[in-house]
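Heads up: the structure comes next, in structure tokens.
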Amino acid sequence: MNANPGEVTRVQELVYELKIDQVMTRDVISVTPDTTLGDLKELLRTKRISGVPVVQEGALVGMISIENVILALERGELAAPVGSRMTTDVVSVRAEDTVVSAVNLFARYGYGRFPVLDGKGALVGILTKGDIVRGMLKRMEVEWQAEELERYRASHIFEDIESDETGLILRYRVKRQDFIRAGEAASKIKRALERLGAHPRIIRRVAVASYEAETNLVIHSVGGEIIAEIHPDRIKLVAVDSGPGIADVQQALQAGYSTAPDWIRELGFGAGMGLSNIKACSDSMKLESELGVGTRLELTIKLQ
Amino acid sequence: MITVREIVSALSLEVVAGGEHLDRTVTGGYASDLLSCVMARALPGNVWITLQAHMNVVAVAALLDLSCVIITEGVRPEAEVLAKADERSIAVLLTTETTYAIVCALAGLGITGQSEC
């Protein structure tokens, strides 16, 4: 899928959601102002980092980076104390701020790292661009796993629940002549099957059959219900209504036969194809009706 | 394989819903104004050409996972229909041409009437 300009990506969302203290490095490697630049050079080399905060009696007093060390090397000043070369005009971030504020600071100052202070001004961490990338990837990984787990659970529901026969029953009430909502039950059944991991070809058959059964209730009945029973090996669809009933069931089953009035046909319904469509999509189908009592359509689609 | 976007530009169609789903591949086409016929015959990814413009067009297109719907002869769906189409990720395209003219143009682009997904 192509990202739409103006559409906020998950990464952009995360930058606003994540707090700095969720991604920062907590074990801060620091030096004191009287550490020599030579000792600092060794520290940066062995820890494979490129800069550290300078702390005196627990308080942040400056930042010093590998660039200061390189300059000192050039000038033969490795014996000089960090305190004489550090940046004292320190830009820091606050632990409770969102990652986006730090992203803006990285862009503005071009620094490699920012010290992280808590509400009282104490140094609690250090933040690099790498920390942000790692933090976001980790969060996305966690979310992805949670999503996968949910999907797995939905598609294995029948294996997880033990009984002699497990079934999932979805019941939808359908109102007469509600053409606006016609198809909603079918689309909800379709979505449920997708979540359960059914094969697309099976989902299509169930969608067609349930849509036709639902529109039949909307067009012809005084109102009724669509009941989908999902079993591990089959789905049973039942459409029941409480009238008016079908005069001649055999005739109703003929393709092209329709009792729908003209105004309904103008909407594209009532082609007389509904029941034959349902039959074509089903492994078995039964239609029972009694005038003045109601109609019951039952069909089964095998899931294998 | 041709995408919805390529059809939109080749046929100068007006995109009125589902504008962010134009990169779908079109697997073939089906033309009818009878919903049950569409239900029976249109395949996933197909373009559906019709004169109908009411809410159930969206329901049918979504249930069948069609790639887009072209509504012909200048018929304009109501705002609620377009909102529903956006919600269900269905691209709705309009034209003042007839269904027949659109089908001919689609055939010229190589879109056939019998296609497996």
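Sequence-distant or interchain residues sharing an amide H contact under 5 Å with B:THR3, placed H: which?
Long-range HN contacts for B:THR3: B:VAL26.
Anyone know which of A:TYR152, A:TYR109, A:TYR257 comes out most mobile in the 10 Å Cα GNM of chain A?
Comparing A:TYR152, A:TYR109, A:TYR257 in the GNM, the peak value goes to A:TYR109.
Test of the criteria: in the stretch B:18-117, which GluC sites (Glu not before Pro) are in a DSSP loop and have at most 12 other Cβ atoms within 10 angstrom of their Cβ? List each step's numbers first, then the result.
Working: sites: B:GLU20, B:GLU73, B:GLU78, B:GLU80, B:GLU87, B:GLU97, B:GLU116; in loops: B:GLU73, B:GLU78, B:GLU97, B:GLU116.
Answer in residue order: B:GLU78, B:GLU116.
For A:LEU168 and A:LYS279, what is the calculated FRET efficiency with R₀ set at 30 Å and r taken between the beta-carbons, to the nearest 0.05?
Numbers: r = 24 Å, r/R0 = 0.81.
About 0.80, to the nearest 0.05.
Helix-derived [θ] at 222 nm for chain A: sum -39500 (n - 2.57) over DSSP H runs of at least 4, divide by residue count, nearest 500? Write out the running numbers ahead of the final one.
Details: 12 runs with 125 residues, N = 304.
Roughly -12000 deg cm²/dmol at 222 nm, from the helical runs in chain A.
Tally the DSSP beta bridges in the stretch B:33-117 and give the antiparallel ones as a percent, rounded to 5. Don't jump to the answer; show the numbers that get you there.
Details: 0 of 8 bridges.
Around 0 percent of the beta bridges assigned by DSSP in the stretch B:33-117 are antiparallel ones.
Using only the alpha-carbon atoms of the stretch A:153-302, report the extent along each of the three principal axes, biggest first, to the nearest angstrom.
Per principal axis, max minus min of the Cα coordinates gives 49, 28, 25 Å.
For chain B, modelled as a Gaussian network with Cα springs under 10 Å, which listed residue fluctuates most, B:SER36, B:SER89, B:SER67?
Its mean-square fluctuation being the largest, the pick is B:SER36.
In Å², nearest 100, what accessible area do chains B and A bury in total when the solvent probe is 1.4 Å? Intermediate values should be presented prior to the final figure.
Numbers: alone 5820 and 18130 Å², together 22130 Å².
Rounded to the nearest hundred, the buried surface is 1800 Å².
When the Cα atoms of the protein assembly as shown are enclosed in a convex hull and the volume is divided per residue, what value in Å³ results?
Working: hull volume 90.4 nm³, N = 421.
So the per-residue Cα hull volume is 215 Å³.
How high is the relative contact order of chain A, given as a whole-number percent (alpha carbon pairs under 8 Å, six or more residues apart)?
The normalised contact order for chain A reaches 13 percent.
If I require 20 Å or longer along the helix axis, counting alpha carbons, and a Kyte-Doolittle average no lower than 1.0, what helices from chain A are left? Use full DSSP H segments.
Values: long enough: A:129-155 (39 Å, -0.97); A:200-220 (29 Å, 0.18).
Helices passing the filter in chain A: none found.
Once the other residues with Cβ under 13 Å from the Cβ of B:LEU82 are scored (Lys, Arg +1; Asp, Glu -1), what is the net sum? Before the final figure, lay out each step's value.
Details: positive: B:ARG76, B:LYS84, B:ARG88; negative: B:GLU14, B:GLU78, B:GLU80, B:ASP86, B:GLU87.
Here the charged neighbours net out to -2.
Given a 10 angstrom Cα cut-off, can you work out which residue in A:LEU127, A:LEU71, A:LEU117 is the most mobile in a GNM of chain A?
Sorting by GNM fluctuation, first place goes to A:LEU71.
Starting from the amide H of A:MET24, placed 1.01 Å from N in the peptide plane, find each other amide H under 5 Å away whose residue is 5 or more places distant or on another chain.
none
Holding the Cα-Cα limit at 31 Å, pick out from A:LYS236/B:LYS84; A:LYS138/A:LYS188; A:LYS138/A:LYS190; A:LYS138/A:LYS236; A:LYS188/A:LYS286 the pairs that are longer than that. Working shown, then result.
Values: A:LYS236/B:LYS84 29 Å; A:LYS138/A:LYS188 34 Å; A:LYS138/A:LYS190 33 Å; A:LYS138/A:LYS236 43 Å; A:LYS188/A:LYS286 23 Å.
A:LYS138/A:LYS188; A:LYS138/A:LYS190; A:LYS138/A:LYS236, as the Cα separations exceed 31 Å there.
Using only protein heavy atoms and a 1.4 Å probe, report how much of A:GLU184 is accessible, in Å² to the nearest 10.
50
Leaving ligands, DNA and RNA out of it, rank A:PHE158, A:PHE106 by accessible area with a 1.4 Å probe, largest first.
On the way: A:PHE158 50, A:PHE106 10 Å².
Reading off the accessible areas and sorting them downward yields A:PHE158, A:PHE106.
If DNA, RNA and ligands are ignored and the probe is 1.4 Å, what is the ranking of A:ARG108, B:ARG5 by accessible area, most exposed first?
Descending accessible area places them as A:ARG108, B:ARG5.
Cut-off 14 Å, label point 7 angstrom out along Cα-to-Cβ of A:ARG75: give me the residues of the stretch A:29-48 whose amide nitrogen falls inside.
Only A:37-38 fall inside the zone, counting backbone N under 14 Å.
Over the stretch A:20-135, what is the relative contact order in percent, taking alpha-carbon pairs closer than 8 angstrom and at least six residues apart? Walk me through the intermediate numbers first.
Details: 190 pairs, mean separation 38.9, N = 116.
Once divided by the residue count of the stretch A:20-135, the mean separation gives 34 percent.
Using the charge dipole of the protein assembly as shown (Lys, Arg: +1 at Cβ; Asp, Glu: -1 at Cβ; taken about the Cα centre), state which of B:LEU82, A:PRO115, A:VAL249 has its Cα farthest towards the positive end.
A:PRO115
With an 8 Å cut-off on Cα pairs and a minimum separation of 6 or more residues, tell me the relative contact order of the stretch B:11-117 in percent. Display every interim value, and only then the final one.
Numbers: 218 pairs, mean separation 37.4, N = 107.
Relative contact order, the stretch B:11-117: 35 percent.
Mind checking which lysines have their C-alpha under 19 Å from A:LYS120, skipping anything on the same chain fewer than 8 residues away?
Cα-Cα hits under 19 Å: A:LYS19.
With n ≥ 4 as the cut-off for DSSP H runs, can you work out [θ] at 222 nm for chain B, using -39500 (n - 2.57) per run divided by the number of residues, rounded to the nearest 500?
Helices in chain B give a 222 nm mean residue ellipticity of -10000 deg cm²/dmol.
The values are calculated or read from the model by the stated rules, or taken from the named source; none is laboratory data. These numbers were taken from a predicted model, which means no experiment stands behind them. Quick reminder, even Gly has a Cβ in these numbers, built from the backbone with ideal geometry, and neighbours come from all protein chains shown. For the accessible areas, the whole protein counts, side chains as well, though only heavy atoms, and no ligand, DNA or RNA atoms are used. Shrake-Rupley method; radii C 1.70, N 1.55, O 1.52, S 1.80 Å.
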